[in-house]
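Here's the structure, in structure tokens; my notes come after.
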């Protein structure tokens, strides 16, 4: 029997896949699909971090622009991207993941052109807002398309590649940005254009369409508005906290409003069966643990990324190009560990891999805290910490993002969006707290960076414990149930216990 005949005999799949293929074999073009989705994920993730190193060059182009004005090139992207991730993921599940992804790539590419040609700072910020909207459509839809086209036995591998791309994109921001800024900061946006156009042309031909069940309803509008308000107000208050002052009325008001909106979001999720974030997502212990773990891990990882650039440029006085090249070994190590994360998690388990990755991030900060000098000493005082952090980034992210595969097939995109939102909020919090720590005046410049490394240690340890402890408690509970009394009540038939997958 041919593959086409086999597929023709299959009943319609419950997750709304428009094309059918043998579940135990996966899509016949699955590896091409992986390449396309990895490319667009890299493009969208890279723009979260590549702009950081270009801010001084932008200031030179837009003479008279204040640092607070230039900061909105970063902040506008961070706020819009985080706020739209979950709504975009849910709508992609409903209207079609391929459609949403390709539209997102087109929007992102058009916005990149606007940013590259921007004649003023206001136009550049507007382009970044549009870019963020496109990226929010791309990132969750890419993972939502990836998992269904591979058989379950390959999920660790393919999520490892996808998360590895995210890790490498994050870590590559500084080195790649340094190389491009040496020509012109506008090139950090121009390079997106050929990637985006090629992706749309190839994706139209090879990507399958996947959507929710035919009778699925759109999410409740009130829950959408509440979540948008909660995330927007939280990140806005967080990024402006260092500039306005954490005790200012404006920041306190923003954070209080964010807390109120978050409470409304939780209330809708618990009471409305059609809420934007359904409580059923968190029925998976692994998914819930990953959401918390990603938030804390990315506080540490954002500090790791930013403090390395600032340390090399501000204390050791490296140029942007030299700093970028100095950081390059980090992404390379992250890529090696991320690509092999499927094998690592297959042997040691997702919890062990993610926990070890978080502890390696802690190790990088501990090394720099002890060994990094105030004068340049790259090989002995910087590189070992960079390699530890790169290994941690490669190990931790893949198993955490792979938690989306524990959800029903028609909820993987929404689940991926929630995990990416946790990551993005954590990044914003990490950067804001680091900026606040570095803002104080002290004659000992090295001491300022040591504060950042302490923050990295605290957040990394929090991530490690949040990942490891729930698994340990669940294992202990299962052990207690196993060795407890087993004598059934006489005359009453004991119902079978539900099987719970704790993988």
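Given 0.36 nm per residue, what is the gain on full extension from residue 322 to residue 35 after removing their alpha carbon distance, in nm?
On the way: separation 287, 0.36 × 287 = 103.32 nm, distance 3.07 nm.
The span from residue 322 to residue 35 would gain 100.3 nm if fully extended.
Between residue 129 and residue 348, what's the calculated FRET efficiency when r is the beta-carbon distance and R0 is 41 Å? Round to 0.05. Approximately 0.45, to the nearest 0.05.
The simple spin-label model puts a point 7 Å past each Cα toward its Cβ; for residue 247 and residue 444 those points are separated by 2.5 nm.
Semi-axis lengths, largest first, of the ellipsoid equivalent to the chain are 37, 28, 23 Å, with √(5λ) applied to each eigenvalue of the Cα gyration tensor.
Classify the stretch 167-302 from the C-alpha gyration tensor, please: rounded if a/c falls under 1.5, else prolate or oblate depending on whether a/b exceeds b/c.
In terms of gyration-tensor shape, oblate.
If you line up the long axis of helix 72-95 against the longest principal axis of the chain, both from Cα atoms, how many degrees apart are they, to the nearest 10? The answer is roughly 10 degrees. As a calculated quantity, the FRET efficiency between residue 182 and residue 260 at R0 = 51 Å, using C-beta atoms, amounts to about 0.65. The angle between the Cα long axis of helix 155-181 and the longest principal axis of the Cα atoms of the chain comes to about 10 degrees, rounded to the nearest 10.
Answer rounded, prolate or oblate for the stretch 220-275, using the Cα gyration tensor with square roots of eigenvalues a ≥ b ≥ c: rounded when a/c is under 1.5, else prolate when a/b is larger than b/c, else oblate. Prolate is the answer for the stretch 220-275, as a/c is 1.5 or above and a/b outweighs b/c. From the alpha carbon centroid of the stretch 319-377 to that of the stretch 182-253 is 26 Å. Seen against the Cα atoms of the chain and their longest principal axis, helix 121-146 is set at about 30 degrees.
Under the definition of Cα pairs under 8 Å and six or more residues apart, what whole-number percent is the relative contact order of the stretch 220-275? Relative contact order comes out at 50 percent. Mean sequence separation of contacting Cα pairs (under 8 Å, at least six apart), scaled by the length of the chain, corresponds to a relative contact order of 22 percent.
Would you mind checking the stretch 178-196 for residues with the amide N under 18 Å from a putative spin-label position 7 Å along Cα→C-beta of residue 113? Hits in the stretch 178-196 for residue 113 at 18 Å: 186-196.
Working note: 222 nm ellipticity from helices only, DSSP H runs with n ≥ 4, each -39,500 (n - 2.57), summed and divided by the residues of the chain, gives -24500 deg cm²/dmol to the nearest 500.
Read-outs: derived from the displayed coordinates by stated rules, not from any lab. These figures come from a predicted structure and were not determined experimentally. Heads up, the Cβs are rebuilt from the backbone with ideal geometry, glycines too, and the neighbour counts pull from every protein chain shown.
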